[in-house]
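Please read the structure below before turning to the comments.
The values are calculated or read from the model by the stated rules, or taken from the named source; none is laboratory data. What you are looking at is a predicted structure, and each value in this text was computed from that prediction instead of being measured. So basically every Cβ, Gly included, is an ideal-geometry build from the backbone, and we count neighbours across all protein chains shown. To get the accessible areas, we keep the full protein, side chains included, count just its heavy atoms, and leave off ligands, DNA and RNA. Shrake-Rupley method; radii C 1.70, N 1.55, O 1.52, S 1.80 Å.
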Amino acid sequence: MWIESSNTTQETQANLTNTQESQSNNTLTKDSPLFIYIQDYKLNFITKLKDKQTTIKIPLDTTITKDKYNNINLQDTKLLFLSFIPFKDNDEANNTKAQKIQIESKDLEKQSITKQFKIPIIEDFKENEVVRGWRGETTLRLRECIGNLLRETYLGSYLTEYNFVYSKEIDEQELIAICKLSLAEVFVKVGIERINNLEVQSYYDDWYIYGILASSEYFYNVSFGLLKMRENEYPMGKINKDSSEPGIAVSFISFDMQRFVECLSKKNYGEIGSIIDYPIYAKDRKKYDEILRKYFGNANSVGGYFIAELYIKKILSINSHSNIYLTPSIKSNNRIQKFLEEQNRIKFGIYDIKHNSILIDNPTNPTLLEKNIILATHTGNVNMYSFAAEIKFHADALLDSKSYMNKWYHSAIIADMGVSEGYTISFWQDYYELNSQLVKEQMQIHQTRIENGNYNFN
């Protein structure tokens, strides 16, 4: 959990030992998060006490000078701040109720040092949401990986940790992160207007970076992919550009974040187009990424619901008024037309067949029924369970023997949901059948949490 510098670096292991237990009503235990801040480099560490002590590895950039005997002199002195209250931000320690520990120059010559500290009595300590979020290693790890990526690479010049949102799984782990800014918005920040003669705001405004927690074999321990969240662009004057049909696509082909960052840093914008296109276009028998496939192939994963919620928010934010006008393809999809007629019987006037629009009473707080209608009229899935089931279906299909057929494989490697698809019914489309085992499985696992609004997407 240490950040390696590109300069000459010495690593010192600091053993921090607690000599006093807190006597406050809000007792800090061995599982309480310990926030450590290195002032010189503005580096943050989050760790736990184990048997009243913890160990961190400190990177120390040193100004190297040599005496007349050619011995190296280490001049630096480092300060650690220990706190039991979360940091104010990435660049500043929360020094309230914190204490300072000084690492002296003589300590830097040692590979291991021990420093004592005392846990203060904190009368106003509260187990707030931020502290609870840092409790388990697996809970904080994905945020930590994304945070390190942004702090240590050129990408952090344009994106912050606040540009990413996360979802907690059923077991409270965070396994998926999605960038709230589209690729077009990222490029605008960088100053890129066109890539390979394509206007970024016309062609990349619907594509977003997502990441799944992986292993050390992956760039910053995260497997990255791309997903499309396109609104209905017919009324927006974007016809004949990228596409006008609304829909969502989740690619299981790896997005090479490392090359992407390198190209941004070197201003090699020409190569960026091929890096983006690789996971977007399913051709030439491209290999899927097993981390991405396995995550969405797990019926317990909440990723599908997370994406659905973010997409619905996007649609509602674009349509600030209550009426949302729909793609003409709605009129051609008999299955969706039948669904909308049924919803009109439940809530009269929610679908205006004459103007081909739907009415949302409160766009800032839509009901589950209204969310399902937005999905149905934009992705072709009449509820969230069908939507998540379709993504899982694609992920599972990659392991099916039919994957050896190019058409089947190319259809499976990107889960593409839209109202202009699925006019015909076949055994390949069980996700449209609400009584199918595929959809029932989703309902059995997720229905209670979805209907009670218990999933934590933030």
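Past 20 Å, Cα to Cα: identify those pairs from 180/313; 287/440; 267/314; 228/314; 189/313; 286/313, in the order given.
On the way: 180/313 11 Å; 287/440 30 Å; 267/314 30 Å; 228/314 12 Å; 189/313 22 Å; 286/313 32 Å.
Pairs exceeding the cut-off: 287/440; 267/314; 189/313; 286/313.
Report the gain in length on full extension from residue 364 to residue 161: 0.36 nm times residue separation, minus Cα-Cα distance, nm rounded to one decimal. Don't skip to the end; give the middle numbers.
Values: separation 203, 0.36 × 203 = 73.08 nm, distance 2.43 nm.
Stretched out fully, the residue 364 to residue 161 stretch lengthens by 70.7 nm.
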Each residue of segment 381-386 in order: what ³J(HN,Hα) in whole Hz does its phi give by Karplus 6.51 cos²θ - 1.76 cosθ + 1.60, θ = phi - 60°, with x for Gly and Pro?
-> 9, 7, 7, 5, 5, 5
Long-range amide H partners of residue 168, meaning residues 5 or more apart or on another chain whose placed amide H is closer than 5 Å, are 456, 458
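Could you report segment 295-386's accessible area per residue, 1.4 Å probe, as an integer in Å²?
Numbers: 3770 Å² over 92 residues.
About 41 Å² of surface per residue is accessible.
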Taking protein heavy atoms only, a 1.4 Å probe, and rounding to whole percent, the accessible area of segment 338-377 owed to carbon and sulfur comes out at 56 percent
Starting from the amide H of residue 222, placed 1.01 Å from N in the peptide plane, find each other amide H under 5 Å away whose residue is 5 or more places distant or on another chain.
-> 214
Of the accessible area of segment 146-225, with the probe set at 1.4 angstrom, what percent is carbon plus sulfur?
-> 44 percent
Just read off the accessible area of residue 443 with the full protein assembly in place, 1.4 Å probe, to the nearest 10 Å².
-> 60 Å²
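For segment 300-368, with only Lys/Arg (+1) and Asp/Glu (-1) charged at the beta-carbon, what is the dipole magnitude about the Cα centre, in debye rounded to 20?
Details: 8 positive and 5 negative charges, 33 e Å.
Its charge dipole is roughly 160 debye.
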With R₀ set to 30 angstrom, the calculated FRET efficiency between the beta-carbons of residue 180 and residue 285, to the nearest 0.05, is 0.35
Please find the FRET efficiency linking residue 202 to residue 259, where r is the Cβ-Cβ separation and R0 is fixed at 22 Å, and quote it to the nearest 0.05.
-> 0.40
